[in-house]
Structure formats: structure tokens, C-alpha cells
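**Student:** Would you mind keeping the following structure in view while I ask a few things?
The values are calculated or read from the model by the stated rules, or taken from the named source; none is laboratory data. Because the structure is a prediction, the values reported are computed rather than measured. All Cβ positions, glycine included, derive from the backbone under ideal geometry; neighbour counts span all protein chains shown.
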């Protein structure tokens, strides 16, 4: 991320690892294997995300059940993980929500290309702001 102009989003790796362990314990963590090597990881959480209860300067597209994508990352060798995560999320619900750092231009661009709409600003548990996006395939 730092190489692509996003120096702060995962700066606290202890927090990221703790959250990832929690995702694994809940069964929400996914990996993409290629030739037995983990090339990408992401979290899909079905249900209400507490950090999404308050949204500033906007609103979610609807109040339907949704899947949240968190902690998505891939090796530099693998491309297309965002689409794969969204495709899998859409098998679980017709609505997908995701947030990202204002500095994460590749993620913001990818979300827009996949049809996500910017909805406002949310705050994660550290108090940091994130840009919030929502995709609804059945509005």
C-alpha cells in the first residue's frame, strides 16, 4: 500500500493482525490459493457492522441485509481480488458495503469500476475516518 500512495491505512499491523485473527475465529476470513501459495486474503462479514451504524455527509443506499468486505489484500503477483471478493459476497447477499482510506486510490477506483457508489464517511474503532461505499444489486 505504501508503494501506491497509501502510507497510513494499515500502519498499525498489530491491530490488523488482531482483527484478522478475530475474522478467522468467526469463520469470516478467506484466502485465495494459487499453486498452494496464499496470494490474497479478505474478510466477508454478513450482518450489521457496528462501524457502519453512523455515516456522515451521506447515507447508505438502503437498509437491506449486507455483506461487508474488510482487510482485503493481495500479493503483487495477483490481480483481480476485489472482483473475486465482491462476486463471493454477492452469493451471500444482494448488498455489499466496504470502506477504505482516502489515500487508497486503487481501491476507490476498483470499487467505482465494479459499480459501488460513494455514500459518505464512517469512523473505524480507532476513530480514523474512512470513505464508505455500497453496491446494491436489488435496490
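**Student:** Looking only at region 18-75, count every residue that is closer than 20 Å to residue 122 by Cα, without any contact (Cβ under 8 Å) to a residue 12 or more places away in the chain and more than 17 Å from the chain's Cα centre (by Cα) and tell me the total.
**Tutor:** Of the residues in region 18-75, 1 are closer than 20 Å to residue 122 by Cα, without any contact (Cβ under 8 Å) to a residue 12 or more places away in the chain and more than 17 Å from the chain's Cα centre (by Cα).
**Student:** A follow-up question, please. Can you say whether residue 131 is in contact (Cβ under 8 Å) with a residue 12 or more places away in the chain, within 19 Å of residue 28 (Cα to Cα) and touching a strand residue (DSSP E or B) at 6+ places or on another chain (Cβ under 8 Å), as far as the supplied structure shows?
**Tutor:** So residue 131 does not fit the description; no.
**Student:** Among the residues of region 102-125, write down those that are assigned to a loop (DSSP other than H, G, I, E, B), closer than 19 Å to residue 45 by Cα and at pLDDT below 95.
**Tutor:** If the condition is that a residue be assigned to a loop (DSSP other than H, G, I, E, B), closer than 19 Å to residue 45 by Cα and at pLDDT below 95, then 124, 125 are the ones that fit.
**Student:** Regarding residue 94, is this residue surrounded by fewer than 20 Cβ atoms within 10 Å (Cβ to Cβ), modelled with pLDDT of 95 or more and more than 20 Å from residue 130 (Cα to Cα)?
**Tutor:** For residue 94, the condition - surrounded by fewer than 20 Cβ atoms within 10 Å (Cβ to Cβ), modelled with pLDDT of 95 or more and more than 20 Å from residue 130 (Cα to Cα) - is met.
**Student:** Going by the structure shown, is residue 82 in contact (Cβ under 8 Å) with a residue 24 or more places away in the chain, touching a helix residue (DSSP H, G or I) at 6+ places or on another chain (Cβ under 8 Å), part of a helix (DSSP H, G or I) and surrounded by 14 or more Cβ atoms within 10 Å (Cβ to Cβ)?
**Tutor:** Taking the combined requirement at face value, the residue satisfies it.
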